[in-house]
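Where a number appears in this text, it was derived from the coordinates with a stated rule and is not lab data. Worth saying up front: this structure is predicted, and the values here are computed from it rather than measured. A quick note on method: Cβ atoms are made from the backbone with ideal geometry, for glycine too, and the neighbour counts reach across all protein chains shown.
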Amino acid sequence: MMKRHGRRAKRPGAAHSTGLKVLFCLVLLAAVAGTIFWTARLGLLWLRSTQFLALNNVTVQCSEKPIKQWAFDQLQGLVGRNILAIDKAEVRTNLLKNPWISSVEIDLSPPHGINVEIKTRRAVAFIKKGKKVILVDSNGEMFSPDKGVSTSKLFELKGHLERPSMEKFSRFIGLVDRYGKILCHKNIASVTMGDKTMTVVTRSNAIPLIFQLNIPLGLQMKRAEAILYHLYSSGKYKYVKRVDLWIAKDKAIASLKKKV
């Protein structure tokens, strides 16, 4: 007699039992995850409110003492607050309301400290707009101080003042800082930005130097220094109407136009 082989029949409750086990595991995992989430949330809320992390040490780094003191006074309102509850973006925004501050870096130093590093603007020029005077810093950024500022040690900036021109202006200021001995800040009366040229007029004897903006300014700056030294040392500055600068064969060339 041949035996019949067939599939073993599943018990009616087996599938239902497996589904219940899976559901139980999912519910258990959800409960564990929820417990971890709420425990972490409550722990964070406690950390953000506990006086064990109260701010009591404010450090300000800034090269300008008046602005350093001003910033320190502004930050005193944070003393006593929980350090984790301090909004660094809000603190930065409030400090940047001072027009002489260009950038602010904030570093929280738990459990009780905050370090603030401030960089200030250095005004090098001014722009006249009617009766209003706008200052320009060494990066070519314009700003308006709350109180009147003496412009006697600054030079006037005129002409095209759009972003590309101001980038060239900032580059020129960097060269003046680096190489300027005769063509220094004290000896610049005005700078006029044109489409293709930049005219720099000296205070002493009002000699206009014409820089070409489409060629490197570094070589022209060095040549301008040499030309001015020659003119002043020889006394020939009296006969010069203007100095045109340009580059030829990797050398800076100057053309002197004499007064008639």
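At a glance:
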{"quantity": "FRET efficiency estimate (nearest 0.05) - Cβ-Cβ, Ile86 to Lys65, R0 35 angstrom", "calculated": "0.90"}
{"quantity": "Inter-part distance where the stretch 75-141 and the stretch 142-196 are each reduced to a Cα centre, Å", "calculated": "23 Å"}
{"quantity": "At R0 = 22 Å, FRET efficiency that the Cβ-Cβ distance of Leu161 and Ala189 yields, to 0.05", "calculated": "0.80"}
{"quantity": "Calculated Rg and Dmax of the stretch 85-195 using C-alpha coordinates, Å", "calculated": "17.1, 55"}
{"quantity": "Estimated inter-spin distance, Glu105 and Gln212, nm [label 7 Å along Cα→Cβ]", "calculated": "4.0 nm"}
{"quantity": "Rounded FRET efficiency, nearest 0.05, which uses the C-beta distance separating Ile36 from Lys147 and R0 of 51 Å", "calculated": "0.35"}
{"quantity": "Estimated inter-spin distance, Asp73 and Asn139, nm [label 7 Å along Cα→Cβ]", "calculated": "2.5 nm"}
{"quantity": "Extension gain (nm, one decimal) between Asn205 and Tyr232, 0.36 nm per residue minus Cα-Cα", "calculated": "8.8 nm"}
{"quantity": "Ranked list, fewest to most other Cβ atoms within 10 Å of each Cβ, for Ile86, Ile210", "calculated": "Ile86, Ile210"}
{"quantity": "For Arg163, Arg203, order by how many other beta-carbon atoms lie within 10 Å, fewest first", "calculated": "Arg163, Arg203"}
{"quantity": "Where the Cα pairs of the stretch 155-258 fall when distances are cut into 10 Å bins, in %", "calculated": "15, 53, 29, 2"}
